[in-house]
1. Restricting to the stretch A:92-105, name every residue that is touching a residue at least 24 places away in the same chain (Cβ under 8 Å) and not charged (D, E, K, R).
2. Return the only residue of B:Ile179, B:Ile216 being surrounded by 22 or more Cβ atoms within 10 Å (Cβ to Cβ), at negative phi, touching a residue at least 60 places away in the same chain (Cβ under 8 Å) and more than 7 Å from chain A (Cβ to nearest Cβ).
3. Answer yes if at least one residue in the stretch A:144-153 is under 25 Å from B:Leu123 (Cα atoms) and not polar (S, T, N, Q), and no otherwise.
4. Tell me which helices (runs of 4 or more DSSP H) are completely within the stretch B:142-237 and hold 2 or more residues being modelled with pLDDT of 85 or more, or say none if there are none.
5. When the stretch B:55-92 is examined, which residues are found to be among the hydroxyl-bearing types (Ser, Thr, Tyr) and either modelled with pLDDT under 90 or assigned to a loop (DSSP other than H, G, I, E, B) (or both)?
6. List, please: which pairs have Cβ atoms under 7 Å, are six or more places apart or on different chains, and start with a residue in the stretch B:15-26 that is under 14 Å from A:Leu178 (Cα atoms) and within 7 Å of chain A (Cβ to nearest Cβ) and end with one that is surrounded by 17 or more Cβ atoms within 10 Å (Cβ to Cβ) and among the β-branched types (Val, Ile, Thr)?
7. Identify the residue in the stretch B:239-261 that is in contact (Cβ under 8 Å) with a residue 12 or more places away in the chain and closer than 20 Å to A:Ser255 by Cβ and, among all such residues, is farthest from the chain's Cα centre (by Cα).
8. Residues to consider are A:Leu146, A:Leu122; find the one that is buried (at least 18 other Cβ atoms within 10 Å of the Cβ) and within 12 Å of another protein chain (Cβ to nearest Cβ).
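The values are calculated or read from the model by the stated rules, or taken from the named source; none is laboratory data. Because the structure is a prediction, the values reported are computed rather than measured. For neighbour counting, all protein chains shown are included, and Cβ atoms are generated from backbone atoms with ideal geometry for every residue, glycine included.
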Amino acid sequence: MSSTPTTNTPTPIPAIDPEPSDEPKAGATGVTAVGRRHGPGAILYQVVSQFLLLIWAAMVILPFLWMIMTALKSDMEILTDPFGLPERLLWENYERAWTTANIGSYFFNTLFVMAMSLTGTLLVSAMASYVLARFEFRANRALYLLFSAGLMFPVFLGLVPLYFLMDDLRLLNTLHGLALVYIAYSLPFTIFFMVGFFKTLPGEVAEAAIVDGATHYQTFFQIMLPMAKPGIIAMGIFNFLGQWNQFLLPLVLISNEDRYVLSQGLNFLAIQQGYNSDYSALFAALVIVMVPTLIVYILFQRRLESGLTAGALKG
Amino acid sequence: MNYNRRGFMISFLAPAIILYSVFVLWPYINAFYISLTSWSGVSANRPFVGFSNYADLLTSGRFLEALGRNAQLLIVLPLGALSVALLFAALFTQGGTGILGSGFYRVVYFFPQVISVVIVGILFQYVYNPRYGLLNEALGFMGLDGLTRTWLGDGATILWAIAFVFIWSSIGFYMVIFIASMQSIPTSFYEAATLDGATNWRQFRDITFPLMWETIRTAMIYISIQALDLFVLVQVMTGGSFSGPQRNAEVAAVFMYTEAFGNSQWGSAAAVGVILMVLTMVLSVVIMRVTRREVYEY
């Protein structure tokens, strides 16, 4: 999704850094040579640092552990013994979350939207970025700036008119309508990144193909697109996370509870629990929604971080 | 070949341009227009009222109070998140011998950024629950019963409780960026400084900090924008209602949402959006100017 703050996807921060020199960087060894210490000074530093870092790590992990543990408890246990371990592991909480609390249907709604929006975002962005990156024409610069400008505008500026626009287009409350909106709002960030990426690909391969008689379409789909896989995967990951977690747009555009996506479904569930008190199902629901992002994160954590910092350093 | 080329370019650019224009550009432009009306959404009648929406908002106590809360967040969030992130980043990279388990810490600290804000918000609603939530239980466990509060039920604490959640989830994000920036500084600088007898603190202050200043600047702008636009976390943690003690958590963006979807004051809501956008841009420019320094080439 776009890098505006209403989403919570980590996005590369374009920064203007001085030109990198050829000197050995701290990054090469991972650590700077600052005050290379030996003996008691070094040990004290380690101990104090580890202490601080461990405290914070605990503060990060603890709520999640608590969440997972609570998801296996009974409601009684939640209310009376919040800190303790569950007496029995109540996996049926998950079942209740999936069916009674409707997480199952929210899950499928989200998958449905994402299937369309993710492929749509990647395809549309790749196509536009390819042209913007490799073809010269007068409007090129202006178009690029137009897309990039979208990064600066907050999503909620257009929220009110968007609502009525979707109503007029009869796309309000539809999952495919939501997917289209997702794609549109993901374009600034994705195109911004992909243009930079396409520019790093060697042009000779494409030129050779053209000389050999390939059409531009063939060149794109059979040669350049496969070469762009790393960038596309990176954008796929960012957009997956952003769109999976997207809350504001579905909140505004989907009012039919049957069609809720996961994030708004969860919110709806949480508000309802004020009355129903099925806390265990709520916690199970939280865990269910968290798991896919956890998996994606563990699998792609390195890529996420390097993608994020690439923008911060190269500028 | 030329026709082929042009047709190709147009066909490849068209989907993006169409989608973008229809769903992004048009609403943005339209928002300005709607903000000049007093439209209530139902009728086709959109009475043009000029700038009265803006006038009402800027003299309305409630909106100004909401903005005031954003202003407070503007101070607290960067202070809380960036300073700690900087500290941790320094611990990781400036120690000379490295930190054991740095890989582990980075994976853990970054995780909250990846999770849906909705999950974080709901989770912390229960963490903050006065009777059976994690926080008060933990405080009691450590014998600090006196510190327990009804965090989200008390007007004095609710905004800060939410602010803490934001800081909690952001530290890893900024830490990662700062680490990358610090690691791009050549080691020879530090080696030379050590040879000259500079202490770790001096090296941080005189080498690391100036050379990563650009990154810190960018981070400041980014988090300031987040402070101005904060919506999802507040909306989720308050359930969307802002009466009673929860009024103290009403920030500009949720005020706008309530105006639009609660009160059907579309014109006023659109005006809030425009005001926020202008403030965001002004703020970014101000921060850029104020933090401008000589750029060190290295």
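1. A:Asn93, A:Tyr94, A:Ala97, A:Trp98, A:Thr100, A:Ala101, A:Asn102, A:Ile103, A:Ser105
2. Values: B:Ile216 fails: surrounded by 22 or more Cβ atoms within 10 Å (Cβ to Cβ).
From the options B:Ile179, B:Ile216, the qualifying one is B:Ile179.
3. Checked against the condition, which is being under 25 Å from B:Leu123 (Cα atoms) and not polar (S, T, N, Q), the stretch A:144-153 yields no hits at all.
4. Per the criteria, B:158-183, B:187-195, B:213-229.
5. B:Thr59, B:Ser60 - these are the residues of the stretch B:55-92 that are among the hydroxyl-bearing types (Ser, Thr, Tyr) and either modelled with pLDDT under 90 or assigned to a loop (DSSP other than H, G, I, E, B) (or both).
6. Between residues of the stretch B:15-26 that are under 14 Å from A:Leu178 (Cα atoms) and within 7 Å of chain A (Cβ to nearest Cβ) and residues that are surrounded by 17 or more Cβ atoms within 10 Å (Cβ to Cβ) and among the β-branched types (Val, Ile, Thr), the close pairs are B:Leu19/A:Val124; B:Leu19/A:Ile183; B:Phe23/A:Val181.
7. That would be B:Glu259.
8. None of the other options fit; the residue is A:Leu122.
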